[in-house]
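Engineer: Okay, here's the structure, questions in a sec.
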Amino acid sequence: MTEPTGQARPEPIKAVPVRHPGRWVGIVVVAILTAMFLHMLLTNDAFQWQFMFDNMFSEPVLKGAWTTLWVTVVAMILGVVIGVIIAVMRLSPNPVISSAAFAYTWFFRAVPRVVLLVLFGNLGILYAEVGFGLPFGEQLLGLFGLEGSGQIFGVDANKILSGLVAGLLGLSLSEGAYMGEIVRAGIQSIDPGQAEAAQALGMGRGLTMQRIVLPQAMRVIVPPTGNETIAMLKDTALLAFVPVTNELFFQLQAIGSRTFQVFPMLVAACLWYLSMTSVLMVGQYFLEKRFARGVQGRAKEKLLKATVPTGAGIE
Amino acid sequence: MSDHPMVKAEQVCKSFGHVEVLKGIDLEIAPREVLCIIGPSGSGKSTFLRCINHLEDVDAGKLWVDGELVGYRERGGKLHEMKERDVAAQRREIGMVFQRFNLFPHMTALENVMVAPVKVKGEKKSVVHERAMDLLKQVGLGDRGGAYPSMLSGGQQQRVAIARALAMQPKLMLFDEPTSALDPELVGDVLEVMRQLAESGMTMVVVTHEMGFAREVGDSLVFMDGGVVVEAGPPREVITNPQHKRTQAFLSKVL
Ligand SMILES: Nc1ncnc2c1ncn2[C@@H]1O[C@H](COP(=O)(O)OP(=O)(O)O)[C@@H](O)[C@H]1O
Ligand SMILES: [Mg+2]
């Protein structure tokens, strides 16, 4: 490149910057409020910091934290699986299937999670026994003049639906309804030309979904799923209503009421949920990066080795 | 060579709601033939192409590809709708290239080319890899296999799309205005790839506005308007000596 002849480079602009007095006022206000807050944390005796730290890592609390974490993970995994199924059903050309998905979403979004969990905790009243066998087995066998229940095997409902399982079921089914809507939005955000190109290559509907549409939809699906996961982490506190008691919040509260030191244990709960949420956010960051493949500005050309078959995306 | 045409259309009709888009198309395309379709926007060219690989189903009339009825089975004088799996199997034999490329953005160029043979046909990855690299070389992109579509120009993307369709080793290729979305200076490379493909003996149906390509490469030319074939014949004759008023009017606008 050559500079235009006969013209010197123009001088860089030296201008007086715009003043932002509002910013300074803001900084001062925030600084004062922060100082007041810290002062209160350190001087107010109600916090009982030493007591809190001594108790927030006690064994029942750690066990409760573990339950909270794995219930969150399992309920979310089940919720995502249910959500994908519901979303695909909802978009089915078959009106019976799509209405069934709609009805599911309608029901599980309408009923509050607390109510759902109490309900599942009491399902034992509805079915004393859970069994696998012929549908309407008793009635069918009756028609042929036989006696029996047509049941292949049965288990006491209160055993299967005991606490944790009932709670997990309630949380997963409820989550499935929300995830269904999130996944549907993701699927619908993808250009129909993508599915068409896949079909033109001879892919069936399932393969098209799995290889072409869903991987692209993930970019839209992951951020709200992060929200859902964090909401789920907090909603595990509702397990107490099933009732399941070896869960984080119940355990912290139990210590609080036993020792009459309620407040420190509430602060401990905040700290626990804060730190667990932070861990989940790190996971979300990596997931988002993973599904940004091929997006303008993010993509790096893959180096191809001549001998090794790449095409790594095609596992 | 087989004695039946590669594509045969008999009174193919298609409506969307009350709008009749195809009003009885009759066409025959021989193996190794390159047929170009021209016509004004909205005349049903894309719809006809999409009927050929059953992306749209035909309302009336019949369509055969390589002697097989598309999308239906004839049994006891009755037509039976094909199962999704059988339709998919028919589509494997027909490659399609779209105006807007429709490459899969989450896969590299190489992965785009490899995914269907590996996942649909279940071919061995190493075999497909070799073929995919050859195809990318053939379309002039041997060194860009690792690039994601967003890193390629429109012309490069369209050439990858052609390679992707060819990777399934189709016996028929459909092109729907493959160069219409491209900057003018990128059109030539894509047309060159298509010309070579035609020379190699591929049967091709090409919807295009590139009259030069239609004249040089096409074996026959069809002018469609309002859902019917208005005029058909050897490209040079149709272009230089159109018989119908509508053809004359259209050609005077595009030439
Ligand atoms: N899926 C569809 N639903 C409703 N109308 C459609 C659909 N696809 C195409 N059409 C209509 O059919 C007519 C022909 O479209 P098309 O085959 O794309 O024409 P061309 O490719 O020749 O421009 C247009 O009027 C278009 O609006
Ligand atoms: Mg068109």
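The values are calculated or read from the model by the stated rules, or taken from the named source; none is laboratory data. If you're wondering where the values come from, they're calculated on a predicted model, not measured in any experiment. All Cβ positions, even for glycine, are placed from backbone atoms using ideal geometry, and neighbour counts span all protein chains on display.
Engineer: Mind counting the residues in the stretch A:187-210 that are in a helix (DSSP H, G or I) and within 13 Å of chain B (Cβ to nearest Cβ)?
Structural biologist: 15
Engineer: Of the numbered conditions (1) buried (at least 16 other Cβ atoms within 10 Å of the Cβ); (2) more than 16 Å from the chain's Cα centre (by Cα); (3) hydrophobic (A, V, I, L, M, F, W, C), A:L69 satisfies every one except a single condition; which is it?
Structural biologist: (2)
Engineer: Condition (residue is surrounded by 22 or more Cβ atoms within 10 Å (Cβ to Cβ) and within 16 Å of ligand 2 (Cβ to nearest atom)) applied to the stretch B:131-153: is it met by at least one residue?
Structural biologist: Among the residues of the stretch B:131-153, not one is surrounded by 22 or more Cβ atoms within 10 Å (Cβ to Cβ) and within 16 Å of ligand 2 (Cβ to nearest atom), which makes the answer no.
Engineer: Within the group B:L55, B:L49, which residue is part of a helix (DSSP H, G or I) and within 16 Å of ligand 2 (Cβ to nearest atom)? Outline the logic, then answer.
Structural biologist: Details: B:L55 fails: part of a helix (DSSP H, G or I).
Among B:L55, B:L49, only B:L49 is part of a helix (DSSP H, G or I) and within 16 Å of ligand 2 (Cβ to nearest atom).
Engineer: Still on this structure: Quick check on my filter: what residues within the stretch B:93-116 are buried (at least 20 other Cβ atoms within 10 Å of the Cβ), part of a loop (DSSP other than H, G, I, E, B) and in contact (Cβ under 8 Å) with a residue 60 or more places away in the chain?
Structural biologist: B:F98, B:F101, B:L103
Engineer: Counting only residues that are surrounded by fewer than 19 Cβ atoms within 10 Å (Cβ to Cβ), give me the strands (runs of 3 or more DSSP E) lying completely in the stretch B:181-244 with at least 3 of them.
Structural biologist: The strands (runs of 3 or more DSSP E) meeting that bar are B:228-233.
Engineer: Among the numbered conditions (1) in contact (Cβ under 8 Å) with a residue 40 or more places away in the chain; (2) more than 25 Å from A:R113 (Cβ to Cβ), tell me where A:T236 comes up short.
Structural biologist: Of the numbered conditions (1) in contact (Cβ under 8 Å) with a residue 40 or more places away in the chain; (2) more than 25 Å from A:R113 (Cβ to Cβ), the odd one out for A:T236 is (2).
Engineer: A follow-up question, please. Just checking, how many residues over the stretch B:207-223 are within 16 Å of ligand 2 (Cβ to nearest atom) and out of contact with any helix residue (DSSP H, G or I) (no Cβ under 7 Å at 6 or more places or on another chain)?
Structural biologist: Residues flagged as within 16 Å of ligand 2 (Cβ to nearest atom) and out of contact with any helix residue (DSSP H, G or I) (no Cβ under 7 Å at 6 or more places or on another chain) within the stretch B:207-223 amount to 1.
Engineer: Looking only at the stretch B:72-92, which residues are out of contact with any strand residue (DSSP E or B) (no Cβ under 7 Å at 6 or more places or on another chain), over 21 Å from B:V206 (Cα atoms) and buried (at least 18 other Cβ atoms within 10 Å of the Cβ)?
Structural biologist: Of everything in the stretch B:72-92, those that are out of contact with any strand residue (DSSP E or B) (no Cβ under 7 Å at 6 or more places or on another chain), over 21 Å from B:V206 (Cα atoms) and buried (at least 18 other Cβ atoms within 10 Å of the Cβ) turn out to be B:V87, B:A88.
Engineer: Would it be correct to say that B:E231 is touching a helix residue (DSSP H, G or I) at 6+ places or on another chain (Cβ under 7 Å) and either charged (D, E, K, R) or free of Cβ contacts under 8 Å to residues at least 12 places away in the same chain (or both)?
Structural biologist: So B:E231 passes the test.
Engineer: More than 25 Å from A:G226 (Cα to Cα) and not small (G, A, S): which single residue out of A:L38, A:L69 fits that description?
Structural biologist: Unique residue meeting the criteria: A:L38.
Engineer: Here's another thing I want to ask about it. For the stretch B:64-76, give me the residue count where each residue is within 16 Å of B:A89 (Cα to Cα) and outside any loop (DSSP other than H, G, I, E, B). Spell out how you get there, then give the answer.
Structural biologist: From the stretch B:64-76, those within 16 Å of B:A89 (Cα to Cα) are B:64-73; that's our starting set.
If we keep only those that are outside any loop (DSSP other than H, G, I, E, B) too, we end up with B:64-65, B:68-69, B:72-73.
Of the residues in the stretch B:64-76, 6 are within 16 Å of B:A89 (Cα to Cα) and outside any loop (DSSP other than H, G, I, E, B).
Engineer: While we're on this one: So B:N53 ticks every box in (1) away from ligand 1 (no atom under 16 Å from the Cβ); (2) closer than 18 Å to B:Q169 by Cα but one. Which box is left unticked?
Structural biologist: Every listed condition holds for B:N53 apart from (1).
Engineer: Another question, then. Looking at the structure I just gave you, is A:M232 surrounded by 19 or more Cβ atoms within 10 Å (Cβ to Cβ) and either of a type in the set (S, T, Y) or outside any helix (DSSP H, G or I) (or both)?
Structural biologist: No, not satisfied.
Engineer: Going by what's in this entry, would B:T203 be described as of a type outside the set (D, E, K, R), within 14 Å of the chain's Cα centre (by Cα) and within 16 Å of ligand 1 (Cβ to nearest atom)?
Structural biologist: So B:T203 fails the test.
Engineer: Take B:S41 and decide whether it is within 15 Å of ligand 2 (Cβ to nearest atom), exposed (fewer than 13 other Cβ atoms within 10 Å of the Cβ) and closer than 27 Å to B:A214 by Cα.
Structural biologist: yes
Engineer: Then there's this: What number of residues in the stretch B:50-64 are crowded, with 20+ Cβ neighbours inside 10 Å and either more than 13 Å from every other protein chain (Cβ to nearest Cβ) or at positive phi (or both)?
Structural biologist: Residues flagged as crowded, with 20+ Cβ neighbours inside 10 Å and either more than 13 Å from every other protein chain (Cβ to nearest Cβ) or at positive phi (or both) within the stretch B:50-64 amount to 3.
Engineer: Also: With respect to A:A166, is the statement that it is at the interface with another protein chain (Cβ under 10 Å from one of its Cβ atoms), part of a helix (DSSP H, G or I), surrounded by 23 or more Cβ atoms within 10 Å (Cβ to Cβ) and touching a helix residue (DSSP H, G or I) at 6+ places or on another chain (Cβ under 7 Å) true? Write out each step before concluding.
Structural biologist: Numbers: at the interface with another protein chain (Cβ under 10 Å from one of its Cβ atoms): no; part of a helix (DSSP H, G or I): yes; surrounded by 23 or more Cβ atoms within 10 Å (Cβ to Cβ): yes; touching a helix residue (DSSP H, G or I) at 6+ places or on another chain (Cβ under 7 Å): yes.
Criteria not met by A:A166.
Engineer: Now for a separate question. Tally time: how many residues in the stretch A:227-247 are at pLDDT below 90 and of a type outside the set (V, I, T)?
Structural biologist: Result for the stretch A:227-247: 5.
Engineer: Can B:V127 be described as aliphatic (A, V, I, L, M) and surrounded by fewer than 23 Cβ atoms within 10 Å (Cβ to Cβ)?
Structural biologist: Yes; evaluated as a whole, the condition is true for this residue.
Engineer: Taking the stated definitions as given, is B:R100 of a type outside the set (A, V, I, L, M) and either under 12 Å from A:L201 (Cβ atoms) or within 7 Å of chain A (Cβ to nearest Cβ) (or both)?
Structural biologist: For B:R100, the condition - of a type outside the set (A, V, I, L, M) and either under 12 Å from A:L201 (Cβ atoms) or within 7 Å of chain A (Cβ to nearest Cβ) (or both) - is met.
Engineer: Restricting the stretch B:8-35 to residues that are away from ligand 1 (no atom under 13 Å from the Cβ) and buried (at least 23 other Cβ atoms within 10 Å of the Cβ), which is farthest from B:L251 (Cα to Cα)?
Structural biologist: B:A9
Engineer: If I go through the stretch B:56-89 residue by residue, how many of them are without any contact (Cβ under 8 Å) to a residue 12 or more places away in the chain and either within 16 Å of ligand 1 (Cβ to nearest atom) or over 24 Å from A:R205 (Cβ atoms) (or both)?
Structural biologist: Residues in the stretch B:56-89 being without any contact (Cβ under 8 Å) to a residue 12 or more places away in the chain and either within 16 Å of ligand 1 (Cβ to nearest atom) or over 24 Å from A:R205 (Cβ atoms) (or both): 5 in total.
Engineer: Is there a residue being part of a loop (DSSP other than H, G, I, E, B), within 14 Å of chain A (Cβ to nearest Cβ) and more than 18 Å from the chain's Cα centre (by Cα) anywhere in the stretch B:150-168?
Structural biologist: Within the stretch B:150-168, one or more residues are part of a loop (DSSP other than H, G, I, E, B), within 14 Å of chain A (Cβ to nearest Cβ) and more than 18 Å from the chain's Cα centre (by Cα).
Engineer: I'd like the full set of residues that are in a loop (DSSP other than H, G, I, E, B) and at the interface with another protein chain (Cβ under 8 Å from one of its Cβ atoms), limited to the stretch B:77-92.
Structural biologist: B:R92
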